[in-house]
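Read through the structure below, which is laid out as structure tokens, and then see the notes.
The values are calculated or read from the model by the stated rules, or taken from the named source; none is laboratory data. This is a predicted model, so every value here is computed, not measured. FYI the Cβ positions are ideal-geometry reconstructions off the backbone, even for glycines, and counts take in every protein chain you see. Ligands, DNA and RNA are excluded from the accessible area calculation, which covers all protein heavy atoms including side chains. Shrake-Rupley method; radii C 1.70, N 1.55, O 1.52, S 1.80 Å.
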Amino acid sequence: MESSSNSVTTGANTTERMDKQSKTKTSVYLPENLFWKFKEEVVRRRLASDTAAMEVAIRQWVEQDAGHERQAAEETRGRNKRLREMLDQILNSGDDEAVAAVRQSIQAVFKELKTRDQNIHLQASARRGEKR
């Protein structure tokens with residue numbers, strides 16, 4: 001058996017209207033074993049075409065990634081909420097020493113992060129050959 005890659009062409013020209021949405025034509029070159037698995041899946045799922053199968057697969061992939069991102073953001077918000085509540089209690093406590101310690105810590109961390117961010121920006125600029 002010849003080892004070649006197979007192409008699945010999806011979509012339609014962007015000037016055409018299909019399913020009330022503008023479509024963009026794209027070609028995807030797949031390894032032969034993946035191509036045949038794809039074809040089997042199109043038949044198994046009784047999808048109308050390769051195009052329909054690609055749309056379903058890509059939509060599921062994108063929506064799954066978006067779901068993971070939302071979940072991670074919600075978890076972060078939950079953790080941060082508790083920290084903000086603690087910080088708010090300290091700042092509103094009236095304890096000048098505690099407030100000063102928190103302010104000093106925040107300023108030190110912020111300064112370090114700002115310095116790191118500037119260094120990363122400078123390194124990226126240097127890689128691109130930009131001058132400051």
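Output the qualifying pairs, or none if there are none: Cβ atoms under 8 angstrom, residues six or more apart or on different chains, first residue in the stretch 49-65 and touching a residue at least 24 places away in the same chain (Cβ under 8 Å), second residue of a type in the set (Phe, Trp, Tyr) and open to solvent by less than 50 Å² (accessible area, probe 1.4 Å).
As it stands, the answer is ASP50/PHE38, since those pairs meet every condition given.
Where the second residue is open to solvent by 100 Å² or more (accessible area, probe 1.4 Å) and of a type in the set (Asp, Glu) and the first is assigned to a helix (DSSP H, G or I) and lies in the stretch 31-46, which pairs have Cβ atoms under 8 Å and are six or more apart or on separate chains?
No pair meets every condition.
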